[in-house]
Amino acid sequence: MSATFDIAIVGGGLVGASLACVLGARGLRVAVVEALAPPVGAGPGYDDRSLALAYGSRRIFAGMGLWDALAPATTPIHRIHVSERGRFGVTRLDRDEEGVEALGYVVESREAGRVLLDRLRTLDTVEWICPAAPESLAVEDGSARVRVKEGAGVRTLRARLLVAADGAQSAVRTALDIPTRRWEYGQTAVLANVTPELAHGNVAYERFTEQGPLALLPLGPDRCALVWTRRDEEVSKVLGLDDRGFLAALQACFGDRLGRFVRVGARSAQPLALTLALEPVRPRVALIGNAAHTLHPVAGQGFNLGLRDAAVLGELIGGACARGDDPGAPAVLDAYARWRRRDQRRTALFTDALARVFALPLPPVAAARNAGLLALDLCPPARHWLARRTMGIAGRLPRLARGLPL
Ligand SMILES: Cc1cc2nc3c(=O)[nH]c(=O)nc-3n(C[C@H](O)[C@H](O)[C@H](O)COP(=O)(O)OP(=O)(O)OC[C@H]3O[C@@H](n4cnc5c(N)ncnc54)[C@H](O)[C@@H]3O)c2cc1C
């Protein structure tokens, strides 16, 4: 069986599904090839994993017409509190200073996925092919050809552009031999949801410790999502702790700002590395999201960066199609690579620098960090710069991130 599309997207995670929503809404014929069937049965529970959405991502969702559906599932972040364990320097970012309703929003990944899939179901021109994965791909005469294994059968898809949105281990990137650079952190994120004794007050905490950064994000009325970076060699010990031991260790690291931690859910771990694809485009192929860049989760930037990839690529493809041009033409792909280079590099450097500088134990570095946090707190222009970067509204933005429809 063979079918022809304008765009074929491999990977229907949050970034691939977002691009499909943007393109499908413009009437383009889109195939999304996704390996995993969406979870069935159990609804949201205490342990669901979540994401911090930047303010700029809220604008993109609003431009896609999805914010109203997503908003009830989000917890707004009113303030961000950055500190370092054992030192007195802190920096505080505040929504009032930035003149916004919230600096960002925390949402369970499952809820974001549900909203995107609900929208895709309403778009006649988008075909969701799942569970399925590409067997082989080739670029030929003005199109990309993908042989897709779906159940017991194999289909051939032709598209004028193939988008790799298949995550950190991208099979498309590997099949095309696209080189990457990878830096290991020797750190693993321990993930869990916890309940503190005191109300979180819509504050997101980023606390740097000798083991790595610890983030606590406000989630719903009484939970916080914990992303606790630990050195690789400590992780099995942390995961082996019972609830009491885990909460005590967390308390020792985080302190008493939220009173005592009274509940913790299931724990999981995710090794961390920075991976950058050195070629974000190839003839008839573009990489977006984690397939193009996988970041350290400090400051919660990965999905937000990937969503901006999708918004830019959607804008360029939509523009080409509206002019009657080829959406996979070299000019479109070059424009995408040029536009995204700066944001991708800056965001990768920003998160990498935070993770590394705060991991250095040398006393002069620690003193400089502390002074830096204090100085930032006392200097409104510097705080404003940091807030705009964290909110995903710095630099050249696609129309959707400026609050404009495509
Ligand atoms: C601990 C941690 C905390 C984080 N917190 C935040 C945060 O607060 N805010 C934020 O913005 N980001 C955060 N991130 C980053 C964020 O999770 C990722 O950047 C984002 O999920 C990437 O989305 P994606 O769609 O590009 O990739 P993925 O989510 O990996 O999706 C890829 C999709 O492709 C599918 N797939 C894979 N291979 C194939 C194949 N061969 N064929 C077909 N389909 C395939 C997969 O099933 C999957 O659905 C965090 C990351 C970590 C590790």
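We did not get these values from a lab; they are worked out from the coordinates using the rules stated. These numbers were taken from a predicted model, which means no experiment stands behind them. All Cβ positions, glycine included, derive from the backbone under ideal geometry; neighbour counts span all protein chains shown.
Worth a mention:
- Take the Cα of Ala337, step 7 Å toward its Cβ, do the same at Glu150, and the gap between the two points is 3.1 nm.
- Here the 3J(HN,Hα) profile of segment 262-275, calculated from phi with Karplus coefficients 6.51, -1.76 and 1.60 at θ = phi - 60°, is 10, 8, 9, x, 5, 9, 9, 9, 9, x, 10, 7, 9, 10 Hz, Gly and Pro shown as x.
- Debye intensity ratio I(q)/I(0), log10, the chain, q values 0.12 Å⁻¹ (C-alpha model): -0.96
- Alpha-carbon centroids, segment 49-88 and segment 94-141: separation in whole Å: 16 Å
- Whether segment 78-233 is rounded, prolate or oblate, judged on the alpha carbon gyration tensor where a/c under 1.5 counts as rounded: prolate
- Value of relative contact order over the chain, rounded to a whole percent, pairs C-alpha under 8 Å and six or more apart: 23 percent
- The simple Förster model, with R0 at 41 Å and r as the Cβ-Cβ distance, assigns Val365 and Ala37 a FRET efficiency of 0.30.
- Note that segment 244-250 has calculated 3J(HN,Hα) couplings of 4, x, 5, 5, 5, 5, 5 Hz, one per residue in order, obtained from phi through the Karplus relation 6.51 cos²θ - 1.76 cosθ + 1.60 (θ = phi - 60°); glycine and proline are x.
- Potential extension, Glu97-Ala71 segment - 0.36 nm per residue separation minus Cα distance: 7.1 nm
- If a spin label sat at a point 7 angstrom from the Cα of Ala168 along the line to its beta carbon, the backbone N atoms of segment 274-288 nearer than 12 Å would be those of 274-276.
- Cα-based shape type of segment 53-121, given that a ≥ b ≥ c are square roots of the gyration tensor eigenvalues and the cut on a/c is 1.5: prolate
- Residues with amide H under 5 Å from that of Glu135, placed H, sequence gap 5 or more: Arg147, Val148, Lys149
- Taking other Cβ atoms within 10 Å as a rough exposure proxy, Arg85, Arg338 sort from fewest to most as Arg338, Arg85.
- Here's how it looks for Leu53: its modeled amide H is under 5 Å from those of Tyr105, Val106, Val107, which are all 5 or more places away or on a different chain.
- With bins 10 Å wide beginning at 0, the percent of Cα pairs of segment 262-406 falling in each bin runs 10, 32, 29, 20, 8, 2, 0.
- Rounded to 0.05, the FRET efficiency of the Met1 and Glu140 pair, given R0 = 22 Å and the Cβ-Cβ distance, is 0.75.
- Under the criterion of Cα pairs below 8 Å and six or more residues apart, the relative contact order for segment 1-87 equals 22 percent.
- Taking amide hydrogens as placed 1.01 Å from N in the peptide plane, the amide H of Thr180 sits under 5 Å from those of Leu278, each at least 5 positions away in sequence or on another chain.
- MRE, 222 nm, helices only [DSSP H, n ≥ 4, -39500 (n - 2.57), over the chain, to nearest 500]: -11000 deg cm²/dmol
- Karplus-derived 3J(HN,Hα) values for segment 385-399, using 6.51 cos²θ - 1.76 cosθ + 1.60 with θ = phi - 60°, are 4, 5, 5, 5, 5, 5, 7, x, 10, 9, x, 6, 10, x, 3 Hz; glycine and proline are entered as x.
- Here the contact order of segment 264-382, divided by its residue count and restricted to Cα pairs under 8 Å and six or more residues apart, works out to 24 percent.
- Taking the empirical scaling 2.2 N^0.38 Å for compact globular proteins as reference, segment 234-305 has a Cα radius of gyration ratio of 1.62.
- Segment 132-173: C-alpha gyration tensor shape, a/c 1.5 cut-off, then a/b vs b/c: oblate
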